[in-house]
Amino acid sequence: MRAVAGVAAGVALGPGTAQAADDEALPRQTAPGADVMTPPYGLPSVYEAGVVRRERTGGSPYPTRKAAASLTPLQDLHGVITPNGLHYERHHSGVPAIDPNDHRLLIHGEVERPMIFSVVDILRFPAVSRICFLECSGNTQNWGEPVAQYTVQDTHGLLSCCEWTGAPLKAVLEEVGVRPEALWMLAEGGDAAAMTRSIPVEKAFDDALLAYAQNGEKLRPEQGYPLRLLLPGFEGNTNVKWLRRLKFGRKPWQTREETSKYSWVMPDGSVRQFNFVMEAKSVVTSPSGGQRLRDRGYYEISGLAWSGRGKIEKVDVSIDGGASWTQASLQEPILPKCLTRFRAPWRWTGEAAVLTSRATDETGYVQPSRDELLKERDARSYYHYNGMQRWRVADDGVVSNGG
């Protein structure tokens, strides 16, 4: 693709983007700044006050703030780690205030020794930390006509990535002795909605985590404080927050969240349950919807790619809507079930363009286009949309959602 090319040192950024060097013209502080530890818990600069979670632009407001969601501002973030205060939220009955001293985790059902664990008990197990993404399976509603004013926060904001710390669930389950006939695990949350999901027992013994910390500090209340289930690569709803109960059995429990919700509608009209893994996906975060290219010249196309099946193998980018492709550079670290940052140089000539990206994971799975995805599932599926995202760049530099 001729317009996406390597850029040598000494890049010409474009007209009006820099000035001749003059030290005397640079602003400087002449008085002491704010006191140290003011406030005692650090906050972003006042000049970053617009970098916040919010609802979708132009969408119908939630009828209640108890069952609602907030979106991560992906367009404003760098690297792959989401700050705790910007991690997306999805709640079904508000955010409970739970005293960790009172909280308990019951593990029972098809086990040899049913047990109740306190949070202190869980903290006594050897801890591990894993950097992985968490994505709501309702993220990215591009099944229908695109909403032009949507930003990447609107289209992909139910996505975040953190370092999670906790006890491997496998180690805790060794204490209770899960019986061989147990094929499923029911996870239940301690919120008023009593969120429950049936999980294959294989996942419980694989990389599941009883997480109590996020990015080096204890979980935030909206992320499940004091204890949550973390299932790397699985849809967000299965990562039950405020975890209070794990029950083992021989069949799935057929809860609301795996019957009327979180199922796929197939082209023949049938409905498919238990679609746990988030397939490979990517999105350009800059330039993206709601932004504007001020001048012609050099820009970096940057974005995120992820897969619930492992590592990202490569990401291709296009400026002509997928008619031609160039492979982007992947920024280290490249970890399984984790966001991966990709970058590609681009010189904008002032002509209209359509930016898009296509991820391939280590299993060989290639992110589909919207048309390819609709051959596999009915548009009524709602969940697990992972088609390619397009951003339209007009000749005046305004970027809008192209679906």
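Which whole-number percent is the relative contact order of segment 6-154 (Cα, under 8 Å, 6+ apart)?
Numbers: 92 pairs, mean separation 31.2, N = 149.
RCO, segment 6-154: 21 percent.
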Computed Rg/Rh for segment 246-362 (Cα atoms; Rh = Kirkwood radius) stands at 1.13
Rounded accessible area per residue of the chain, 1.4 Å, Å²: 47 Å²
Once ligands and nucleic acids are excluded and a 1.4 Å probe is used, how much of T165 is accessible, expressed in Å² to the nearest 10? 30 Å²
Placing +1 on each Lys and Arg Cβ and -1 on each Asp and Glu Cβ in the chain, then taking the dipole about the Cα centre, the residue among I98, N386, P27 whose Cα reaches farthest towards the positive end is I98
Kirkwood Rh, segment 340-391, all Cα pairs: how many Å? 13.4 Å
Fluctuation leader among N101, N386, N139 - the chain, Gaussian network, Cα springs under 10 angstrom: N101
Long-range share for segment 13-100, i.e. C-alpha pairs more than 18 Å apart as a percent of all pairs, stands at 69 percent
Apply the Karplus curve 6.51 cos²θ - 1.76 cosθ + 1.60, θ = phi - 60°, to the phi angles in segment 23-28 and return the couplings in whole Hz, x for Gly and Pro. 4, 5, 7, 6, x, 8
List, in order, the whole-Hz ³J(HN,Hα) value for each residue of segment 141-151 obtained from phi through the Karplus relation with A = 6.51, B = -1.76, C = 1.60 and θ = phi - 60°; use x for Gly and Pro. 9, 9, 5, x, 5, x, 8, 4, 7, 5, 9
Scoring only Lys, Arg, Asp and Glu (+1, +1, -1, -1) among other residues with Cβ under 12 Å from the Cβ of R296 yields -2
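Whats the longest run of the chain with zero GluC sites (Glu not before Pro) that are DSSP loop and have at most 16 other Cβ atoms within 10 Å?
182-350
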Can you compute 3J(HN,Hα) from phi for each residue in segment 118-130, using the Karplus curve 6.51 cos²θ - 1.76 cosθ + 1.60 with θ = phi - 60°, rounded to whole Hz and x for Gly and Pro? 7, 4, 4, 4, 5, 5, 7, 6, x, 8, 10, 10, 9
Hull surface over four for the Cα convex hull of segment 298-403, reported in nm², is 7.1 nm²
Would you list, by chain and number, the aspartates and glutamates whose Cα falls below 15 Å from the Cα of K218, excluding same-chain residues fewer than 8 positions away? D99, E163
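Enter the per residue convex hull volume of segment 218-310, computed from alpha-carbon coordinates, in Å³ rounded to the nearest integer.
About 209 Å³ per residue, rounded to a whole number.
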To make sure I understand the rule: partners must be lysines, Cα under 16 Å from the Cα of K337, and not fewer than 8 residues away in the same chain. Which ones qualify? K203, K281, K311, K314
Return the long-range amide H neighbours of R179 (sequence gap of 5 or more, or a different chain), with a cut-off of under 5 Å between placed amide H atoms. V111, E112
Among the lysines, select those whose C-alpha is under 21 Å from the C-alpha of K66, and discard any that sit fewer than 8 residues away in the same chain. K241, K261
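What do the square roots of 5 times the Cα gyration tensor eigenvalues come to for segment 109-188, in whole Å, largest first, as semi-axes of the equivalent ellipsoid? Numbers along the way, then the final one.
On the way: eigenvalues 290, 62, 17 Å².
Computed over segment 109-188, the values are 38, 18, 9 Å.
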Which sequence of H87, H92 reflects their accessible areas, 1.4 Å probe, from the largest down? H92, H87
log₁₀ I(q)/I(0) of the chain at q = 0.06, 0.09 Å⁻¹, via Debye over equal Cα point scatterers, no solvent, to two decimals? -0.27, -0.60
Which percent of the accessible area of the chain is formed by carbon and sulfur heavy atoms (probe 1.4 angstrom)? 52 percent
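The values are calculated or read from the model by the stated rules, or taken from the named source; none is laboratory data. Quick caveat, the model's predicted, so the values are computed rather than measured. As a convention, Cβ positions derive from the backbone with ideal geometry for all residues, glycine included, and neighbour counts pool all protein chains shown. All accessible areas refer to the heavy atoms of the entire protein, side chains included, with ligands and DNA or RNA removed. Shrake-Rupley method; radii C 1.70, N 1.55, O 1.52, S 1.80 Å.
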